[in-house]
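As structure tokens, the structure follows; a few thoughts come after it.
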Amino acid sequence: MVVGRRRIRPDRDRRRSAGTTTAGKRFGQWFRDIGVTGRTSAIILFAVVVWGTMFTVDIPVVAVESFVAGIWVALILYLLAYIVKTREIGGWRAR
């Protein structure tokens with residue numbers, strides 16, 4: 001297990017999400033431009049590709065389950081650390 005240290009910043013001004021990058025903005029604009037039918041088709045195509053890959057590529061189940069469990073644990077620990085440090089969630093303050 002890899003353990004890393006990340007500074008928790010409650011202010012959202014300095015954060016940069018994937019959607020604010022140039023590639024993220026271009027993908028978001030393309031996704032809006034293709035319309036509801038195109039978005040639905042893209043999502044269904046993605047699901048079919050993932051589903052088909054499950055049967056053609058032999059991925060060890062234990063490794064995938066371990067990876068997913070690790071992501072969940074990291075997410076929960078990050079959330080708890082954020083709540084302890086900022087004493088709020090999205091504008092809700094502890095009394």
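The values are calculated or read from the model by the stated rules, or taken from the named source; none is laboratory data. Please read all numbers here as calculations on a predicted model, not as lab measurements. Please note: Cβ atoms are built from the backbone with ideal geometry, for glycine as well, and neighbour counts cover all protein chains shown. We work out accessible area using only protein heavy atoms, side chains counted, and drop any ligands, DNA or RNA first. Shrake-Rupley method; radii C 1.70, N 1.55, O 1.52, S 1.80 Å.
Values as computed for the structure displayed
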| quantity | calculated |
| --- | --- |
| Every residue from region 54-84 that is in contact (Cβ under 8 Å) with a residue 40 or more places away in the chain and touching a helix residue (DSSP H, G or I) at 6+ places or on another chain (Cβ under 9 Å) | none |
| Filter pass, THR37 being at pLDDT 85 or above, of a type in the set (Ser, Thr, Tyr) and open to solvent by 100 Å² or more (accessible area, probe 1.4 Å) | yes |
| Any hit, region 56-76, residues being at pLDDT 90 or above, acidic (Asp, Glu) and under 18 Å from the mean Cα position of the chain (by Cα) | yes |
